[in-house]
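Undergrad: I'd like to ask some things about the structure below.
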Amino acid sequence: EAQVTQNPRYLITVTGKKLTVTCSQNMNHEYMSWYRQDPGLGLRQIYYSMNVEVTDKGDVPEGYKVSRKEKRNFPLILESPSPNQTSLYFCASSLRRAGELFFGEGSRLTVL
Amino acid sequence: RKEVEQDPGPFNVPEGATVAFNCTYSNSASQSFFWYRQDCRKEPKLLMSVYSSGNEDGRFTAQLNRASQYISLLIRDSKLSDSATYLCVVNRNFGNEKLTFGTGTRLTIIP
């Protein structure tokens, strides 16, 4: 089954404790991206990757890092999480066009 | 002005009715456009891409008006299962794959 898998789905952590949200897709997609969704603000792009070893900032990259060492994986790293990073995070992938996305089920992160 | 704007609704529409909503975008260089639907607490799912000539998929019709910088979504013969939030998505520049999402229009179909 074609899918984008994110882990963990739910996480409560404390300020400053590094965490990684993994994202994996099994569709051999070149394009992958991360979004956060907050009430009243909609989905905002954090980072995206056009292919292996190619990443670029989206609209809200501050406080986040990503890597794309393999085509299927695109982890999101929060080196020192802060409460304003409490949000619902989505990973997505696309075969070619950035707009035709398959989304993961989301990861709800709470930073205390 | 926001890059992508949508009427948040809610639109409460009786089953079987036709409903339409628009999405305006501010960047005239925007290249591609999409509609997604998002059910409560779920991930967004692609509904349809919006082509320059307009396109139709069953009960759904999408249109692009470049002169006035908006896209539209028309749903005919609405079903209860159409209840969702509809997100407008704009790819601002060709080759620069940054996407901007609208905040969504909430639609509720009433039996």
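The values are calculated or read from the model by the stated rules, or taken from the named source; none is laboratory data. The structure displayed is predicted, hence computed values, not measured ones. Please note: Cβ atoms are built from the backbone with ideal geometry, for glycine as well, and neighbour counts cover all protein chains shown. Each accessible area value is taken on the protein alone, full model and side chains, heavy atoms only, with ligands, DNA and RNA left out. Shrake-Rupley method; radii C 1.70, N 1.55, O 1.52, S 1.80 Å.
Undergrad: Which of the residues belonging to the range A:15-59 are surrounded by fewer than 18 Cβ atoms within 10 Å (Cβ to Cβ) and of a type in the set (Val, Ile, Thr)?
TA: Listed by number, the residues that qualify are A:15, A:20, A:22, A:52, A:54.
Undergrad: Please find, among B:87, B:73, the residue that is at the interface with another protein chain (Cβ under 8 Å from one of its Cβ atoms), at pLDDT 95 or above and closer than 13 Å to residue B:24 by Cα.
TA: B:87
Undergrad: Criterion first (small (Gly, Ala, Ser) and outside any strand (DSSP E or B)) does residue B:78 satisfy it?
TA: yes
Undergrad: Any idea which residue in the range A:83-100 is farthest from the other protein chains (Cβ to nearest Cβ), counting only those that are in contact with a Ser or Thr (Cβ under 6 Å, 6 or more places away or on another chain) and either part of a loop (DSSP other than H, G, I, E, B) or open to solvent by 20 Å² or more (accessible area, probe 1.4 Å) (or both)?
TA: The selected residue is A:86.
Undergrad: Considering only residues of the range B:25-46 that are under 19 Å from residue A:107 (Cα atoms) and assigned to a loop (DSSP other than H, G, I, E, B), which is nearest to the chain's Cα centre (by Cα)?
TA: It comes out as B:44.
Undergrad: Does the range A:29-82 hold any residues that are touching an Asp or Glu at 6+ places or on another chain (Cβ under 9 Å), among the charged types (D, E, K, R) and part of a loop (DSSP other than H, G, I, E, B), and which are they?
TA: A:68, A:69, A:71
Undergrad: Next question. Go through A:51, A:73 for me and flag whichever is in contact (Cβ under 8 Å) with a residue 12 or more places away in the chain and touching a Cys at 6+ places or on another chain (Cβ under 8 Å).
TA: A:73
The rows are residues; the columns are (1) within 12 Å of another protein chain (Cβ to nearest Cβ); (2) within 30 Å of residue B:5 (Cα to Cα); (3) under 14 Å from the mean Cα position of the chain (by Cα).
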site	(1), (2), (3)
A:4	yes, yes, yes
A:9	yes, yes, yes
A:13	no, no, no
A:32	yes, yes, yes
A:56	yes, yes, yes
A:61	yes, yes, yes
A:66	no, yes, yes
A:76	no, yes, yes
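Undergrad: Next up: For the list (1) assigned to a strand (DSSP E or B); (2) open to solvent by 30 Å² or more (accessible area, probe 1.4 Å), I need the number of the one condition that residue B:71 fails.
TA: (2)
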